[in-house]
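Engineer: Pasting a structure here, questions to come.
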Amino acid sequence: MNQWGERLKVAANPTAMAGIVFPAVEIHQNTQAIRAQTRDAVTTKQMEYYRWVATRGWRELWALVRLAFAPDFRDDIDRIVAEVQSEGEP
């Protein structure tokens, strides 16, 4: 009887460890997914804001402050401004 008890303990230990490890991995993956969604939402909102700035009479302000931003970012905003101007929006 003692042999069966030992075998049962040996079999139960990995199961208990898996019961701890798998939820921890799932929580970590969920946290990473939420962080990625948050970054995406923030980036989207920033681009919407800068598009609004570029298209709603703030072009002069952009012309004054554009050199404070990274060249790649300036190129993106300048492209948006050019697109809007070619569409004939104010």
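The values are calculated or read from the model by the stated rules, or taken from the named source; none is laboratory data. Note that the structure is a prediction, hence the values are computed from the model and not measured. In this analysis, Cβ positions are derived from the backbone assuming ideal geometry, glycine residues included, and neighbour counts consider all displayed protein chains.
Engineer: Which one is surrounded by the fewest Cβ atoms within 10 Å (Cβ to Cβ), of the residues in region 41-62 that are modelled with pLDDT under 75 and small (Gly, Ala, Ser)?
Structural biologist: This residue is Gly57.
Engineer: Right, another one. What do you reckon, is Ala36 part of a helix (DSSP H, G or I), touching a helix residue (DSSP H, G or I) at 6+ places or on another chain (Cβ under 9 Å) and surrounded by 10 or more Cβ atoms within 10 Å (Cβ to Cβ)?
Structural biologist: On the way: part of a helix (DSSP H, G or I): yes; touching a helix residue (DSSP H, G or I) at 6+ places or on another chain (Cβ under 9 Å): no; surrounded by 10 or more Cβ atoms within 10 Å (Cβ to Cβ): yes.
No, not satisfied.
Engineer: A further question follows. Output yes when any residue across region 6-18 is surrounded by 10 or more Cβ atoms within 10 Å (Cβ to Cβ) and at pLDDT 85 or above, and no when none is.
Structural biologist: The answer is no, given that none of the residues of region 6-18 is surrounded by 10 or more Cβ atoms within 10 Å (Cβ to Cβ) and at pLDDT 85 or above.
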